[in-house]
Amino acid sequence: MWGCVRLSRLISLGLALAFAGAVTASVTRADSAPRRVVSINLCTDQLAMLLAAPGQLVSVSDLAADPHSSAMADTARAYPVNQGRAEEVYLLAPDLVVAGAYTDPATVQMLRRVGLRVEQFDTAKSLTDTRDRIAQMARVLGREEEGAALIAKFDADLAVLETKAGTRPRAALYHPNGYTLGGGTLADDILRAAGFRNLAAELGHRGGGTLPLEQLVMAAPDLLISAAPLPGASRSEAVLGHPALDALRKGRAGLRITSPDWICGTPHVLNAVERLTEARRAMPEGGQ
Amino acid sequence: MSRLALALSALVAVLFAASLTTGPSNTSTLSDLSALLLGGDGPLPLVMREIRLPRALLGLMIGASLGLAGAAMQGYLRNPLAEPGLIGVSGSAALGAVLAIHTGLAAVFTLGLPLAALAGAGTGVLLVLMLAGPRGASITLILAGIAISALAAALTSLVLNLSPNPYAASEIVFWMMGSLADRSMTHVWLALPLMLVGWVGLATLGRGLDALTLGEDAAEAMGIRLTRLRLTLVVGTACVVGAATAVAGAIGFVGLVVPHLLRPLVGARPSRLLWASALGGAAMVLAADLAVRLVLPERDLKLGVLTALVGAPLFLHLIYKTRAEMT
């Protein structure tokens, strides 16, 4: 009995030593890799959670745990959240901060002034951009192998999904305040990959902008895509219940609810493509 | 006088028709109007009846309400600076509306939104009348207005910032500046009952306000019951401003500019100024709403921006004149 315990202790000690050795080895190999990474942007949160080594990512932004914005809200609950304020980020003692290109410049400057390394990530404007963002995150985290594997999987999944349908039905994105996404946006590329034409892009919209309700009703798209209602009331969302839109929905346009999959250039955009493709196949005249 | 009524009515009619035929989709005026009146196939009747008609109707109703309320308050206080927007009545109405929306009252009870805005506007008018006193001296009136406006704006911002909805905070500018974009017939029906009550109430004030130009004692000697006049003014103003603000946000300066421009044309008689200002106010809001659609159609420019651009210089001019009279 005693001997058994001693033996098992010895074994576990040996294992622990071996493991420690392995960790030291990996650290020396990727010596430049940051050890404490803090993310303060919804999209870098998700990329970092997908790619970081265990223990490498110490905090994500509060939006990452919000199921209305984040495609990885469940995963994010395992991490301490931050509100993206310079002071709290500094106190987490990171050796790398990952932020978005549009993160408050005052915060970014402050973090750099106190000597932190900040890497900023541009917004993904297409599915190709998404691959670049994954590669960028893999590079700054020192996880090139994992990055390459994720990109390969992304390419393979996209190749299966991507549609070269002959007839492309017209879809319109109509969000609170009449906000829409035109050409040169990630949402536009998601629509294209799923075999739709983007009404806003056809009407000449580039980037985000507002689509007058009147133009939307006149154009009568085959599919109307709008955001799910958020908690609490707002006047901005009230327009989605306008009688003219109700009449449009009763006609030929179906309503699909967008999810957080649309927001960030991560592999989750493929879920959006998949759901849209299913919606197109379910349409009476659109599917092929 | 009837020439003025005719001219103003014609102006309102032209602007109303222009509002109906102005929009981002380039359709001809004739097809617009036939789709509105006769219906037909395609999406155009829907656009005309559900999008453009409510917008034009609301412009007309809200403009008339604000012009009427401005003329009535100026007549009662005998002060050209009294204006629902400037003295905080619109601001407190917006606070009432925001509270109704964000507590869920507006969702459970159809008339909850306009009634809450009415309560807010009523509180605002009462506070101003109490603080400024029956004679409405300029300085106390403006000071009371600043205090009430600031408090109402701060509380409105607080409620919107505390909302769990991420869009709410960006709506502060709508409640402060007002807009008619994407309103529906639902909003017309929400606002109309209260506005009708308010219009009738304020329209009956004409004789009393005329008498009041001779002073309170003279008016009472002529058989005007001042407490009743005051009550009608408070309720009427609260009804029209509350209903207007509940559906379109606080649109300032209409009640200041319109009575000021029309006063010389009606021989400075408050009773005539009432209806003239109602027509003039409708014309001003319809024109401002046309301008926001023509100048920057894609930006949802707020109505209050345009009315303030016209109204603020006039306000400064009025203050300058008031100061010159006092020294």
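Points worth noting:
- Residues of the stretch B:166-180 that turn out to be at the interface with chain A (Cβ under 8 Å from one of its Cβ atoms) and not in a helix (DSSP H, G or I), as a count: 2
- Checking each residue of the stretch B:74-97 against the condition of being in contact with a helix residue (DSSP H, G or I) (Cβ under 7 Å, 6 or more places away or on another chain) and within 14 Å of another protein chain (Cβ to nearest Cβ) gives at least one match.
- The single residue among A:LEU141, A:LEU173, A:LEU211 that is more than 17 Å from the chain's Cα centre (by Cα), at pLDDT 95 or above and crowded, with 22+ Cβ neighbours inside 10 Å turns out to be A:LEU141.
- Taken together, A:LEU116, A:LEU111 contain a single residue that is assigned to a loop (DSSP other than H, G, I, E, B), over 28 Å from A:ARG192 (Cβ atoms) and more than 18 Å from the chain's Cα centre (by Cα), which is A:LEU116.
- Number of the condition not met by A:ALA227 [criteria: (1) in contact with a Pro (Cβ under 9 Å, 6 or more places away or on another chain); (2) surrounded by 20 or more Cβ atoms within 10 Å (Cβ to Cβ); (3) of a type outside the set (Phe, Trp, Tyr); (4) more than 9 Å from every other protein chain (Cβ to nearest Cβ)]: (2)
- Only one entry in B:ALA324, B:ALA283, B:ALA276, B:ALA219 is surrounded by 24 or more Cβ atoms within 10 Å (Cβ to Cβ) and over 30 Å from B:ASP182 (Cβ atoms), namely B:ALA276.
- Yes/no for A:VAL269 being touching an Asp or Glu at 6+ places or on another chain (Cβ under 9 Å), more than 29 Å from A:LEU50 (Cβ to Cβ) and not polar (S, T, N, Q): no
- Number of positions in the stretch B:181-208 that are part of a helix (DSSP H, G or I), more than 14 Å from chain A (Cβ to nearest Cβ) and within 20 Å of the chain's Cα centre (by Cα): 14
- Taken together, B:LEU160, B:LEU229 contain a single residue that is assigned to a helix (DSSP H, G or I), aliphatic (A, V, I, L, M) and touching a Gly at 6+ places or on another chain (Cβ under 6 Å), which is B:LEU229.
- A count restricted to the stretch A:78-137 and to residues that are within 24 Å of A:ALA149 (Cβ to Cβ), among the hydroxyl-bearing types (Ser, Thr, Tyr) and surrounded by fewer than 14 Cβ atoms within 10 Å (Cβ to Cβ) stands at 1.
- Selection within the stretch A:146-169 - small (Gly, Ala, Ser), surrounded by 12 or more Cβ atoms within 10 Å (Cβ to Cβ) and more than 18 Å from A:LEU47 (Cα to Cα): A:ALA165
- The single condition among (1) of a type outside the set (Phe, Trp, Tyr); (2) free of Cβ contacts under 8 Å to residues at least 24 places away in the same chain; (3) within 12 Å of another protein chain (Cβ to nearest Cβ); (4) closer than 29 Å to A:SER39 by Cβ that A:GLN215 does not meet is (4).
- All conditions in (1) within 14 Å of chain A (Cβ to nearest Cβ); (2) farther than 23 Å from B:ALA82 by Cα hold for B:LEU158, with the sole exception of (1).
- Residue check for A:GLY195: in contact (Cβ under 8 Å) with a residue 24 or more places away in the chain, assigned to a loop (DSSP other than H, G, I, E, B) and at positive phi: yes
- Residue match in the stretch A:85-106 (condition: under 28 Å from A:ALA272 (Cβ atoms), of a type in the set (D, E, K, R) and part of a loop (DSSP other than H, G, I, E, B)): yes
- Evaluating A:VAL60 against the criteria (1) among the aliphatic types (A, V, I, L, M); (2) buried (at least 19 other Cβ atoms within 10 Å of the Cβ); (3) in a helix (DSSP H, G or I); (4) free of Cβ contacts under 8 Å to residues at least 60 places away in the same chain leaves one unmet condition, (3).
Let's see how each residue does on (1) within 20 Å of B:ASP182 (Cα to Cα); (2) among the basic types (Lys, Arg):
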position	(1), (2)
B:ALA35	yes, no
B:LEU38	no, no
B:ASP41	no, no
B:LEU46	yes, no
B:ARG52	yes, yes
B:ALA56	yes, no
B:ALA72	no, no
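The values are calculated or read from the model by the stated rules, or taken from the named source; none is laboratory data. Predicted model, so just to flag it, every value in this text is computed and none were measured. All Cβ positions, even for glycine, are placed from backbone atoms using ideal geometry, and neighbour counts span all protein chains on display.
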